[in-house]
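Notes to accompany the following structure.
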Amino acid sequence: MTKAEIVTEIAAKTGFEKQVVMQVVEGMMETIKASMINGDEVFLRGFGSFIIKHRAEKTARNISKNTTMIIPAHNIPAFKPAKSFVVKLKK
């Protein structure tokens with residue numbers, strides 16, 4: 001499902017105009033991104049959590065050049081679904 005499809009479905013269910021729904025959806029995404037960039041995690045009860053995972057420094061190999069390189073430690077965004085959400089998906 002794309003963002004446009006989400007906007008269309010929400011607009012149909014709520015009766016709001018697509019432009020208004022698009023602003024709300026984009027505003028929510030920007031707020032989540034800004035919070036995570038600031039180091040905060042976002043918890044949406046019944047849906048899931050947008051969390052920050054820390055990856056440790058590691059050594060990797062470039063097989064084509066037969067060299068090793070060090071990948072520095074870094075953070076990545078991740079999504080952890082709520083237990084109630086996972087239960088519904090398993091049915």
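The values are calculated or read from the model by the stated rules, or taken from the named source; none is laboratory data. For clarity, every value in this text was computed on a predicted model and none was experimentally measured. Ideal geometry is used to build each Cβ from the backbone, glycine not excepted, and the neighbour counts take in all protein chains shown. When the accessible area is computed, the model is the full protein with side chains, heavy atoms only, and any ligands, DNA or RNA have been set aside. Shrake-Rupley method; radii C 1.70, N 1.55, O 1.52, S 1.80 Å.
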Whether any residue in the stretch 9-31 is touching a Lys or Arg at 6+ places or on another chain (Cβ under 7 Å) and of a type in the set (Ser, Thr, Tyr) is what I want to check. no
Look at ILE70 and say whether it is at pLDDT 95 or above and not basic (Lys, Arg). no
Among residues of the stretch 1-18 being aliphatic (A, V, I, L, M) and farther than 23 Å from SER49 by Cβ, the residue surrounded by the most Cβ atoms within 10 Å (Cβ to Cβ) is VAL7
Keeping to the stretch 19-32, report how many residues are within 13 Å of ALA4 (Cβ to Cβ) and either exposed (fewer than 14 other Cβ atoms within 10 Å of the Cβ) or modelled with pLDDT under 95 (or both). 2
Evaluate the stretch 38-46: report whether one residue or more is free of Cβ contacts under 8 Å to residues at least 12 places away in the same chain, surrounded by 10 or more Cβ atoms within 10 Å (Cβ to Cβ), touching a helix residue (DSSP H, G or I) at 6+ places or on another chain (Cβ under 9 Å) and β-branched (Val, Ile, Thr). yes
Search the stretch 66-77 for residues that are under 17 Å from SER35 (Cα atoms) and pair each with any residue that is not in a strand (DSSP E or B) when their beta-carbon atoms are under 8 Å apart and the residues are at least 6 apart or on different chains. PRO77/MET36
Within the stretch 54-91, track down each residue that is over 24 Å from ASP40 (Cα atoms), open to solvent by 100 Å² or more (accessible area, probe 1.4 Å) and not hydrophobic (A, V, I, L, M, F, W, C). LYS58, THR59, ARG61, SER64, LYS65, ASN66, LYS88, LYS90, LYS91
Subset of the stretch 1-37 (residues that are touching a strand residue (DSSP E or B) at 6+ places or on another chain (Cβ under 6 Å) and without any contact (Cβ under 8 Å) to a residue 24 or more places away in the chain): ILE32, SER35
